Amino acid sequence: MKCFLLFIFAAVVCFCKPVFAQGWDAKLLNKINPENPNSQYWINTSNSVYWASAAVPAGSLIYGLISGDEKAKHSSFDLFLSLGANMLVTDLMKKSFNRTRPGDKYPNMIYPVSPTTDMSMPSGHTSMAFATATTLSLQYKKWYVTVPAYAWAASVGYSRMYLGKHYPSDVLGGAALGIGAGYASHWLNRKLFKRYYTTPKPYAY
C-alpha cells in the first residue's frame with residue numbers, strides 16, 4: 001500500500017503546476033544545452049530508452065518461457081506493467097500541462113537537436129528510464145544492478161536537457177513519475193503473484 005501511495009504522490013507532484021519560474025528553468029537549461037548539441041554519446045544515450053525499455057522485459061519473459069522460471073516470467077510482467085502505466089500517465093500529463101517545448105518557447109536561447117511536435121512536461125524518455133531502473137532495482141536488490149540502472153536513467157535525463165528537448169523541471173517530473181510507476185507496479189505484482197515473491201520457510205525437524 002505504501003508503494004501505491006508513493007505513486008499517487010509522484011503523480012500529484014507532477015500534475016501540480018510547476019512552482020519554478022519558467023525563466024529560471026530556461027536559464028539553467030541554457031547552461032546545459034549548447035548551440036550545436038551534436039554529441040553522439042548523448043544522442044545515443046537518449047535513444048537507448050527505446051531499445052532498453054523493450055529489451056529488458058522481453059528478455060526476462062523469453063528467459064522465463066525457455067527455462068520454465070515462473071519468477072522470471074512474472075518479473076517481466078512487472079516491467080511491462082510499470083512501463084505501460086508510465087506511458088499512459090505520461091501522455092495524460094503532457095496533455096494536461098500542455099507545456100510548450102523549450103526550443104519553441106525560446107528559439108534564440110535553446111537549441112534542440114531536432115524539431116518536436118508534442119508537449120514538454122513531463123519528459124517521457126526520463127520517466128521511462130526511471131521506471132525501468134526502479135523496477136529492476138526492486139526486483140534484484142543488488143548494488144551492481146541498482147547503481148548502473150539509476151546511473152543510466154540519470155544520464156537519459158541529462159541527455160534530454162543537453163539535446164534541448166526538455167526543461168530541468170520536465171526531467172525532475174519525469175524521474176518522479178517513473179520512480180512512482182516502478183514502485184506501484186512492483187507492489188501490485190507482489191500482491192497478485194505473492195507466491196513467486198515469498199521465500200519458503202524451512203521445515204522444522
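The values are calculated or read from the model by the stated rules, or taken from the named source; none is laboratory data. As the structure is a computational prediction, the values presented were derived from the model and not from experiment. Every residue, glycine as well, gets a Cβ built from its backbone with ideal geometry; the counts of neighbours run over all protein chains shown. Surface accessibility is based on the protein's heavy atoms, side chains included, excluding ligands, DNA and RNA. Shrake-Rupley method; radii C 1.70, N 1.55, O 1.52, S 1.80 Å.
Can you work out which of the residues in the range 102-141 that are among the hydroxyl-bearing types (Ser, Thr, Tyr) and at pLDDT below 85 is least open to solvent (accessible area, probe 1.4 Å)? For the range 102-141, the residue satisfying everything is 116.
Only one residue in 131, 149 is in contact (Cβ under 8 Å) with a residue 40 or more places away in the chain, touching a Ser or Thr at 6+ places or on another chain (Cβ under 8 Å) and at negative phi. Which one? Steps first, answer last, please.
Values: 149 fails: in contact (Cβ under 8 Å) with a residue 40 or more places away in the chain.
Testing whether each residue is in contact (Cβ under 8 Å) with a residue 40 or more places away in the chain, touching a Ser or Thr at 6+ places or on another chain (Cβ under 8 Å) and at negative phi leaves just 131.
Every residue in the range 14-70 that is modelled with pLDDT of 75 or more, charged (D, E, K, R) and open to solvent by 60 Å² or more (accessible area, probe 1.4 Å), please. Within the range 14-70, 27, 31, 35 qualify. Restricting the range 79-101 to residues that are open to solvent by 20 Å² or more (accessible area, probe 1.4 Å) and among the β-branched types (Val, Ile, Thr) leaves a set whose member that is farthest from residue 57 (Cα to Cα) is 100. Every condition in (1) closer than 20 Å to residue 185 by Cβ; (2) touching a Gly at 6+ places or on another chain (Cβ under 7 Å) holds for residue 57 except the one numbered (2). Are any residues in the range 185-195 assigned to a helix (DSSP H, G or I) and open to solvent by 30 Å² or more (accessible area, probe 1.4 Å), and if so, which ones? Result: 187, 188, 190, 191, 192, 194, 195.
Scanning the range 41-70 for residues that are part of a helix (DSSP H, G or I) and of a type in the set (Asp, Glu) returns a single hit, 70.
For every residue, the table says whether it meets (1) in contact with a helix residue (DSSP H, G or I) (Cβ under 9 Å, 6 or more places away or on another chain); (2) at pLDDT below 90; (3) open to solvent by less than 50 Å² (accessible area, probe 1.4 Å); (4) part of a loop (DSSP other than H, G, I, E, B).
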{"residue": "145", "(1), (2), (3), (4)": "yes, yes, yes, no"}
{"residue": "152", "(1), (2), (3), (4)": "yes, no, no, no"}
{"residue": "156", "(1), (2), (3), (4)": "yes, no, yes, no"}
{"residue": "160", "(1), (2), (3), (4)": "yes, no, yes, no"}
{"residue": "171", "(1), (2), (3), (4)": "yes, no, yes, no"}
{"residue": "176", "(1), (2), (3), (4)": "yes, no, yes, no"}
{"residue": "183", "(1), (2), (3), (4)": "yes, yes, no, no"}
